[in-house]
2 protein chains.
Amino acid sequence: MTKTLQVLGIGHALVDIIAPCEESLLADFSLTKGMMRLTSPEEAAALYERMGPAVETSGGSAANTCAGIASFGGQAGFAGKVGRDQFAAVFAHDIRSIGVSFHHGVSDSGNPTGRCLILVTPDGERTMNTNLGAAAEFAEGDLDHAAIQSAQIVYLEGYLFDPPAARKAFFKAADFARGNGTKVAFTLSDPFCVDRHREAFRTFIRDRVDIVFANEKELLSLYPGASFDEACGSIRSECDLAAVTRSEKGSVVIQGENFVEVPAIPIPKLVDATGAGDLYAAGFMFGLATGRDLAACARLGSLGASEVITQVGPRPQRPLSGIARAHELL
Amino acid sequence: MTKTLQVLGIGHALVDIIAPCEESLLADFSLTKGMMRLTSPEEAAALYERMGPAVETSGGSAANTCAGIASFGGQAGFAGKVGRDQFAAVFAHDIRSIGVSFHHGVSDSGNPTGRCLILVTPDGERTMNTNLGAAAEFAEGDLDHAAIQSAQIVYLEGYLFDPPAARKAFFKAADFARGNGTKVAFTLSDPFCVDRHREAFRTFIRDRVDIVFANEKELLSLYPGASFDEACGSIRSECDLAAVTRSEKGSVVIQGENFVEVPAIPIPKLVDATGAGDLYAAGFMFGLATGRDLAACARLGSLGASEVITQVGPRPQRPLSGIARAHELL
């Protein structure tokens with residue numbers, strides 16, 4: 001089958017509700033800075049009550065990555081589940097209007113479209129509180145097999161391990177992909193998410209994943225007690241290709257005997273870290289899908305990350321293709 | 001009655017949907033740059049379809065002004081009508097969380113909360129397309145008389161002249177205010193809005209308004225054929241106090257024989273002009289309500305305007321009180 005999509009992302013379809021906040025708000029709700037936490041509707045309501053004026057924008061980790069690939073000029077699709085409400089219309093509009101095909105399920109349970117309350121502290125770090133709503137209902141029946149088959153890479157969020165039906169759909173998607181010449185990429189998503197599902201993650205990676213994306217904290221959470229070098233050795237033995245981001249220290253790419261280090265792109269000021277990992281994955285996979293070498297892929301990833309963290313919100317507001325050309329990366 | 005509120009705003013409760021766009025999109029939809037146009041649900045859907053990825057944020061002209069007053073450290077309330085939907089929750093959260101009391105009506109007609117599609121061209125100008133929805137149903141029964149009575153100033157949007165029921169409520173609000181020691185302030189809102197309602201605006205100003213806010217284009221639309229000086233002379237004879245903004249030329253304040261000119265505050269780059277007039281009115285009325293002289297009021301207005309046009313969205317993201325102190329205006 002012709003591979004018309006470079007990447008099909010499967011993940012949580014979320015609308016982000018972003019507000020600046022003081023450090024004390026994190027303490028009041030016992031939140032760990034920089035992490036993602038799943039919240040009940042009641043907890044989300046209590047936290048929202050305490051948040052200041054916010055902006056709403058489409059989010060969701062894999063969806064952000066797909067938007068980034070489109071922004072680089074690539075072809076991406078996204079699959080996720082929404083409710084029947086205004087946030088669903090916002091999500092669908094935003095993902096389609098950047099040129100990403102949307103292979104969506106719509107929930108009939110009455111659950112609202114998922115939302116993520118994002119608190120941005122004065123240091124630019126973001127702390128996320130997700131009420132999955134309809135996104136948690138993503139199940140096998142929502143898979144679009146033709147879309148998976150049409151993609152060079154299917155990209156899966158670690159966050160989908162949380163709802164059992166989504167995890168099952170996820171395994172099915174990976175198996176179907178590998179049976180149809182589609183590579184499977186997987187992001188560890190969040191150190192706490194890794195902690196919740198460590199053994200399942202490792203088994204999944206060994207059995208079904210070609211490409212792993214992680215940041216340093218997530219990788220170390222996958223191999224507790226290991227040094228960074230040891231963890232790199234472990235991931236090397238468990239998948240074909242891994243790209244590990246290290247914030248201002250740049251990223252490393254590990255493939256067999258290859259170990260490629262690429263520096264971060266310096267930024268004037270960290271405004272909002274939301275989307276950094278998502279946009280790194282976007283640049284990296286856009287590079288892979290267009291036949292670039294690993295260092296070039298990592299540089300495109302760094303570029304996507306550096307752009308998104310100097311603005312508010314998880315999706316690039318300026319076309320990444322132009323910025324990449326200005327950096328002579330395209 | 002003790003005046004516990006400095007300003008009670010009455011206007012359209014809207015959620016803004018903001019996206020950058022190319023000039024050509026304005027041409028395709030025959031839109032006049034910088035203006036506000038009322039659209040049907042069908043037109044709004046067609047335009048939204050063509051817009052790129054957007055951010056959503058609470059808006060509405062008078063509501064932005066009230067948010068600005070709170071940001072200066074003042075006491076403001078806002079009255080408007082919303083639907084029963086997610087955008088209503090967003091609007092209510094945002095206005096309350098900045099410290100503005102929300103005296104709202106909720107529509108039972110099934111109409112959605114009003115929204116304004118805002119196209120931001122590369123020059124930073126904003127062109128607005130409003131589908132009023134539930135906001136257009138604001139009527140006499142939605143007036144909170146105790147809130148009007150408790151305010152030093154009631155601030156009314158010219159935009160409310162469009163829906164007949166809102167206009168009627170508006171007249172009632174003004175009469176009740178003046179009968180209870182509350183000043184009536186009125187913004188002309190938009191040159192096309194003035195054009196639609198010129199004679200009614202002039203009669204309303206002469207009979208019921210103490211303070212008029214306008215920009216230069218709106219003032220000239222009120223007095224067609226007049227020069228700027230002539231128009232200033234006309235408005236002087238028709239109300240007690242008028243503040244007229246002139247973009248980078250600053251503003252003029254007219255009260256009887258007083259004619260005070262205040263320069264604009266220079267900005268590094270116009271990012272998004274949305275909210276400039278609204279935040280000028282905020283600073284000006286905060287100054288008036290705290291007993292400052294006209295020049296100081298105008299300088300606070302300029303400060304509010306300069307801050308909001310260097311960011312995306314119509315409400316200030318940083319506290320105006322701190323910025324005003326840094327400028328030694330508070």
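The values are calculated or read from the model by the stated rules, or taken from the named source; none is laboratory data. Fair warning: this is a prediction, and the values are worked out from it, not measured in the lab. Counting neighbours? That spans all protein chains shown, and the Cβs are built from the backbone with ideal geometry, glycine included.
Restricting the search to the stretch A:33-62, which residues are within 11 Å of chain B (Cβ to nearest Cβ), assigned to a helix (DSSP H, G or I) and free of Cβ contacts under 8 Å to residues at least 60 places away in the same chain? If the condition is that a residue be within 11 Å of chain B (Cβ to nearest Cβ), assigned to a helix (DSSP H, G or I) and free of Cβ contacts under 8 Å to residues at least 60 places away in the same chain, then A:Ala45, A:Glu49, A:Arg50 are the ones that fit. The lone criterion from (1) more than 11 Å from every other protein chain (Cβ to nearest Cβ); (2) assigned to a strand (DSSP E or B) left unmet by B:Arg115 is number (1). Inspection of the stretch B:221-229 finds no residue satisfying the criterion of being in contact with a strand residue (DSSP E or B) (Cβ under 6 Å, 6 or more places away or on another chain) and in contact (Cβ under 8 Å) with a residue 24 or more places away in the chain.
Hey, any hits in the stretch A:187-201 for a residue that's farther than 20 Å from A:Met128 by Cβ and in contact (Cβ under 8 Å) with a residue 40 or more places away in the chain? The answer is no, given that none of the residues of the stretch A:187-201 is farther than 20 Å from A:Met128 by Cβ and in contact (Cβ under 8 Å) with a residue 40 or more places away in the chain. Checking B:Ser237 against (1) touching a strand residue (DSSP E or B) at 6+ places or on another chain (Cβ under 8 Å); (2) surrounded by fewer than 23 Cβ atoms within 10 Å (Cβ to Cβ); (3) free of Cβ contacts under 8 Å to residues at least 40 places away in the same chain, which single condition isn't satisfied? Only one criterion is unmet by B:Ser237, namely (1). Among the helices (runs of 4 or more DSSP H) confined to the stretch A:170-222, the ones with at least 3 residues that are within 23 Å of A:Ala305 (Cα to Cα) are located at A:191-196, A:216-222. Could you grab the pairs with beta carbons closer than 8 Å, sequence gap of 6+ or different chains, first residue in the stretch A:1-26 and away from every other protein chain (no Cβ under 14 Å) and within 26 Å of A:Lys81 (Cβ to Cβ), second one among the hydroxyl-bearing types (Ser, Thr, Tyr) and surrounded by fewer than 22 Cβ atoms within 10 Å (Cβ to Cβ)? Close Cβ pairs (under 8 Å, with a partner that is among the hydroxyl-bearing types (Ser, Thr, Tyr) and surrounded by fewer than 22 Cβ atoms within 10 Å (Cβ to Cβ)) amount to A:Met1/A:Ser150; A:Lys3/A:Ser150; A:Thr4/A:Ser150; A:Leu5/A:Ser101; A:Leu5/A:Ser150; A:Gln6/A:Thr290; A:Leu8/A:Ser150. State whether the residues of the stretch A:250-260 include one that is among the acidic types (Asp, Glu) and in contact with a helix residue (DSSP H, G or I) (Cβ under 8 Å, 6 or more places away or on another chain). No, there is no match, as no residue in the stretch A:250-260 is among the acidic types (Asp, Glu) and in contact with a helix residue (DSSP H, G or I) (Cβ under 8 Å, 6 or more places away or on another chain). Across the stretch A:70-87, the qualifying residues are those that are part of a loop (DSSP other than H, G, I, E, B) and not hydrophobic (A, V, I, L, M, F, W, C), and the one among them that is nearest to A:Thr290 (Cα to Cα) is A:Gly74. Looking at the structure I just gave you, is A:Ala54 within 23 Å of A:Met35 (Cα to Cα), touching a His at 6+ places or on another chain (Cβ under 9 Å) and at pLDDT 95 or above? Answer is yes for this residue.
Taking the criterion of being within 24 Å of B:Arg96 (Cβ to Cβ) and either in a loop (DSSP other than H, G, I, E, B) or acidic (Asp, Glu) (or both), the residues of the stretch B:308-329 that qualify are B:Gln311, B:Val312, B:Gly313, B:Pro314, B:Arg315, B:Pro316, B:Gln317, B:Arg318, B:Pro319.
Of the residues A:Gly83, A:Gly110, A:Gly77, A:Gly68, the single one that is touching a helix residue (DSSP H, G or I) at 6+ places or on another chain (Cβ under 8 Å) and farther than 21 Å from A:Arg167 by Cβ is A:Gly68.
Under the condition of being polar (S, T, N, Q) and over 24 Å from B:Arg126 (Cβ atoms), which residue from the stretch B:250-276 is modelled with the lowest pLDDT?
Filtering the stretch B:250-276 for residues polar (S, T, N, Q) gives B:251, B:255, B:258, B:274.
Checking which are over 24 Å from B:Arg126 (Cβ atoms) leaves us with B:255, B:258.
Numbers: B:Gln255: 98, B:Asn258: 95.
Among them, the one singled out is B:Asn258.
Once the stretch B:84-104 is narrowed to residues that are of a type in the set (Gly, Ala, Ser) and surrounded by 20 or more Cβ atoms within 10 Å (Cβ to Cβ), the residue that is farthest from B:Gly73 (Cα to Cα) is B:Ala88.
Output yes when any residue across the stretch A:39-46 is touching an Asp or Glu at 6+ places or on another chain (Cβ under 6 Å) and not hydroxyl-bearing (Ser, Thr, Tyr), and no when none is. Even if it seems obvious, please write down each step before you answer.
Here is the first cut: in the stretch A:39-46, the ones touching an Asp or Glu at 6+ places or on another chain (Cβ under 6 Å) are none.
Taking every residue of the stretch A:39-46 in turn, none turns out to be touching an Asp or Glu at 6+ places or on another chain (Cβ under 6 Å) and not hydroxyl-bearing (Ser, Thr, Tyr).
The residues in the stretch B:280-327 that are in contact with a Pro (Cβ under 8 Å, 6 or more places away or on another chain) and either within 14 Å of chain A (Cβ to nearest Cβ) or at pLDDT below 95 (or both) can be counted, and the count is 4. Per the listing B:Asp108, B:Asp94, the residue uniquely out of contact with any Phe, Trp or Tyr (no Cβ under 9 Å at 6 or more places or on another chain) and within 13 Å of chain A (Cβ to nearest Cβ) is B:Asp94.
This table checks each residue for (1) free of Cβ contacts under 8 Å to residues at least 40 places away in the same chain; (2) of a type in the set (A, V, I, L, M).
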{"residue": "B:Gly250", "(1), (2)": "no, no"}
{"residue": "B:Gly256", "(1), (2)": "yes, no"}
{"residue": "B:Leu279", "(1), (2)": "no, yes"}
{"residue": "B:Phe284", "(1), (2)": "no, no"}
{"residue": "B:Leu288", "(1), (2)": "no, yes"}
{"residue": "B:Leu303", "(1), (2)": "yes, yes"}
{"residue": "B:Ser306", "(1), (2)": "no, no"}
{"residue": "B:Gly322", "(1), (2)": "yes, no"}
{"residue": "B:Leu330", "(1), (2)": "no, yes"}
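If I filter the stretch B:65-83 down to residues being within 11 Å of another protein chain (Cβ to nearest Cβ) and out of contact with any strand residue (DSSP E or B) (no Cβ under 6 Å at 6 or more places or on another chain), which single residue comes out as surrounded by the fewest Cβ atoms within 10 Å (Cβ to Cβ)? Taking the candidates together, the pick is B:Gly83.
Matching residues to (1) under 16 Å from B:Ala79 (Cα atoms); (2) in contact (Cβ under 8 Å) with a residue 60 or more places away in the chain; (3) out of contact with any helix residue (DSSP H, G or I) (no Cβ under 6 Å at 6 or more places or on another chain); (4) hydrophobic (A, V, I, L, M, F, W, C):
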site	(1), (2), (3), (4)
B:Gln149	yes, yes, yes, no
B:Gln152	yes, yes, no, no
B:Leu156	yes, yes, no, yes
B:Pro164	no, no, yes, no
B:Arg167	yes, no, no, no
B:Arg178	no, no, yes, no
B:Gly181	no, yes, yes, no
B:Arg206	no, no, no, no
B:Ala214	no, no, yes, yes
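Is it fair to say B:Tyr155 is of a type in the set (Ser, Thr, Tyr) and not in a strand (DSSP E or B)? Here the answer is no, as B:Tyr155 does not meet what is asked. Here is the figure for the stretch A:293-330: residues that are more than 21 Å from A:Ser61 (Cβ to Cβ) and of a type in the set (Asp, Glu) total 2. Can you find, within the stretch A:118-134, the residue that is nearest to the other protein chains (Cβ to nearest Cβ) among those that are at pLDDT 95 or above and under 16 Å from the mean Cα position of the chain (by Cα)? The qualifying residue nearest to the other protein chains (Cβ to nearest Cβ) is A:Ile118. On the stretch given as the stretch A:271-288, residues that are surrounded by 16 or more Cβ atoms within 10 Å (Cβ to Cβ) and over 18 Å from the mean Cα position of the chain (by Cα) total 0. Checking the stretch A:154-165 against the condition returns no match, with no residue being surrounded by 17 or more Cβ atoms within 10 Å (Cβ to Cβ), at positive phi and among the small types (Gly, Ala, Ser).
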